[in-house]
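**Student:** Please read through the structure below; I'll follow up with questions.
Read the figures in this text as sums done on the coordinates, not as results from a lab. Predicted model only: the values in this text are computed from it and were never measured. Neighbour counts run over all protein chains shown; Cβ positions are idealised from the backbone, glycine included.
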Amino acid sequence: MPTPLRMKNIELGISHIQSFLADREWQPVYDRVKQCHRDLIARTGKGNDFLGWIDLPLQEEALVSRILDDASRIRKMARLFVVIGIGGSYLGSKAVIDALGDPFLPYRSDTDAPRVVFAGENLSGEYHARLLRLLDANDYAVAVISKSGTTTEPAVAFRLIRQHLEKKYGKEGARERIFAVTDASRGALKNLADAEGYTSYVIPDDVGGRFSVLTPVGLLPIAVAGFDIRALLEGARAMRTLALQSDDPAVNPCVQYAAARNMLLQAGFSIEILAAYEPGLASLVEWWKQLYGESEGKEHKGIFPAGVNFTTDLHSMGQYIQEGKRNLFETVLSISHTAGTLAVPADPGDADGLNFLTGMPLSEVNRMAALGTLLAHVDGGVPVMTLGLPTMNEHHLGELIYFFEFACALSGYTLGVNPFDQPGVEAYKKNMFALLGKPGYGPETKQIRERLTNDE
């Protein structure tokens, strides 16, 4: 049986899934994942034209310096930085910024960095109207992120915000405040950026959106928010070295995680819940959900990725996880050392009966809640893996991001799917465009409207 894998900075624990797999042989799955590792390294597997993410931690210093220079320029002109994008165009940067930021301060007080806000990740008129009112009252700059420039949600948001920018600052002033992150040579946004003279960055052709956080897609907003993108890349480089050097699950955590997930799937556990005990990790969970859901959910295959924020969700989802259908397993993110030294105060009346906690750090109470929950869920029939980080900083986040990306590629290959495409995403768009009356959709519009009428 495999044992918990201790890495230099991240610890993957699998001891609490062993009893659920006691009658199963690990070696065939290990052999399969090892072959997938070889295919990934040799770039001979499915979707091998989208493997540029493997080398993103090795970004050239010239690009990093340019991003930092532009981030400094943005901080001087803006109190808000609007990131326009959807899916991988915003989830990665939001994950890092929320994990490292202060949720109660509009700006980082130590760097006076702008507050980063997001647009174009939804089609809500109310959301964008409120955003425009906020922009009325603050100086701001914008990053618009899209390979094509025609994805509906960010394209509509950019129309709104570009018009607002030009009205507020004039055409020349708007030009100085718009940063386009797009294709190197083609697409509507690339053509517009060239025509208008916007500062531009390239999304590499061989990197898909959900793997793009270590490109300017993620690095520019993270740098604007005042965080150390060099340390982020250093952490990713450290994990890259570990991931590439061996296919041995005793050494390579990505191999071990991919194998464990697929072992659990074979045993009937088809839903993975990523659980975090720090509210700042909620956006990281959302990024992980897209990474795994969009990569594995094909050909009626895949492990469904879900997420919870404990202990909060123990009071909403906890009952189902404890006693609901037994087709789910958990991976629990934990941070050994968190900021803050708050301890539970004494209460002379002890009306809540919690004086036994007097003087105990809240971080310790949280840790005991995590351990108690883990044991309860295992006893309730839920396999649990743990993924522990020493502390939350840029370096460890870089390690974690690359760990999840590499393991996702291995897991997708193990399932037999192409982890780097997303053909199913287009289905809703065709129906939406037909209903909106997009030119060329005439027959489809009639058919879809008839279907909706018949369903009513």
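**Student:** What nm value, rounded to one decimal, do you get for the distance between VAL117 and ASP39 when each label is placed 7 Å out toward the C-beta?
**Tutor:** Simple spin-label model gives 4.6 nm for this pair.
**Student:** Read phi for every residue in the range 88-105 and hand back ³J(HN,Hα) as whole Hz from Karplus 6.51 cos²θ - 1.76 cosθ + 1.60, θ = phi - 60°, with x for Gly and Pro.
**Tutor:** x, 6, 9, 5, x, 5, 5, 4, 5, 4, 5, 5, 9, x, 9, x, 9, 10
**Student:** Angle, helix 282-296 long axis vs. longest principal axis of the chain, Cα atoms, 0 to 90°, nearest 10?
**Tutor:** Value to nearest ten degrees: 90.
**Student:** While we're on this one: Taking 32 Å as the cut-off for C-alpha to C-alpha distance, list the pairs among LYS171/LYS438; LYS94/LYS168; LYS76/LYS430; LYS46/LYS430 that go past it.
**Tutor:** LYS76/LYS430
**Student:** Can you list the aspartates and glutamates whose alpha carbon sits under 12 Å from that of LYS34, skipping same-chain ones fewer than 8 residues off?
**Tutor:** Within reach: ASP247, ASP248.
**Student:** What is the Cα coordinate range of the range 256-315 on the first, second and third principal axes, sorted by size from largest, in whole angstrom?
**Tutor:** Reported extents, whole Å, longest axis first: 33, 22, 21.
**Student:** Follow-up. Quote to one decimal, in nm, the extra length available between ASP228 and LEU436 on full extension: 0.36 nm per residue of separation minus the C-alpha distance between them.
**Tutor:** Fully extending the segment from ASP228 to LEU436 adds 70.6 nm.
**Student:** How big is the antiparallel share of DSSP beta bridges in the range 105-246, given as a percent to the nearest 5?
**Tutor:** Expressed as a percentage, antiparallel bridges in the range 105-246 total about 10.
**Student:** Here's something else I'd like to know. Compare the peptides 365-377, 244-256, 315-327 by average per-residue count of other Cβ atoms within 10 angstrom and give them in order, highest first.
**Tutor:** 244-256, 365-377, 315-327
**Student:** With 26 Å as the cut-off, how large is the P(r) tail for the range 229-386, expressed as percent of Cα-Cα pairs?
**Tutor:** 39
**Student:** Considering only DSSP beta bridges whose two residues both sit in the chain, what percent are antiparallel, to the nearest 5?
**Tutor:** Of those bridges, close to 15 percent are antiparallel.
**Student:** Please compute the contact order of the chain in relative form: average sequence separation of alpha-carbon pairs under 8 Å and at least six residues apart, divided by the residue count, as a percent.
**Tutor:** For the chain, the relative contact order is 22 percent.
**Student:** Let me have the 222 nm mean residue ellipticity of the chain computed from DSSP H runs of 4+ only, each contributing -39500 (n - 2.57), with the sum over all residues rounded to the nearest 500.
**Tutor:** My calculation for the chain gives -15500 deg cm²/dmol from helical runs alone.
**Student:** Counting pairs of Cα atoms in the chain, how many percent are more than 29 Å apart?
**Tutor:** Roughly 52 percent, once rounded to a whole number.
**Student:** Another question, if that's okay. Students often forget the sequence filter, so: which aspartates and glutamates lie under 16 Å Cα-Cα from LYS167 once same-chain residues fewer than 8 apart are removed?
**Tutor:** The reachable aspartates and glutamates, counting only those whose Cα sits under 16 Å from LYS167, are ASP136, ASP139, GLU176, GLU196.
**Student:** Taking a point 7 angstrom from the Cα of MET368 along the C-beta vector, which residues in the range 286-322 have backbone N less than 11 Å away?
**Tutor:** The answer is none, because no backbone nitrogen lies closer than 11 Å to the label point.
**Student:** Also, I was wondering about something else. Once you list every other residue whose beta carbon is under 13 Å from the beta carbon of LYS34, what net charge do they have if Lys and Arg are +1 and Asp and Glu are -1?
**Tutor:** -2
**Student:** Measuring from a point 7 Å past the Cα of GLN322 along Cα-to-C-beta, which residues in the range 360-384 have an amide N at less than 13 Å?
**Tutor:** Answer for the range 360-384: 372-381.
**Student:** Please work out how much length the chain gains when fully extended from GLN245 to VAL64, using 0.36 nm per residue of separation minus the C-alpha to C-alpha distance, in nm with one decimal.
**Tutor:** 62.6 nm
**Student:** Would you work out the charge dipole size for the range 53-229 about its Cα centre, treating the Cβ of every Lys and Arg as +1 and the Cβ of every Asp and Glu as -1, and quote it to the nearest 20 debye?
**Tutor:** Rounded to the nearest 20 debye, it is 640 debye.
**Student:** Now, a different point. Taking the range 53-229 as the region of interest, what is the percent of Cα-Cα pairs per 5 angstrom bin, listed from the shortest bin to the one with the maximum distance?
**Tutor:** 1, 9, 19, 23, 23, 16, 7, 2, 0
**Student:** Compute the helix-to-body angle for 125-136: its Cα long axis versus the longest principal axis of the chain, expressed 0 to 90° and rounded to tens.
**Tutor:** It works out to around 70 degrees.
**Student:** Answer with one residue from VAL181, LEU134, VAL217: the one whose Cα lies farthest towards the positive end of the charge dipole of the chain, charges on Cβ with Lys, Arg +1 and Asp, Glu -1.
**Tutor:** Farthest towards the positive pole: VAL181.
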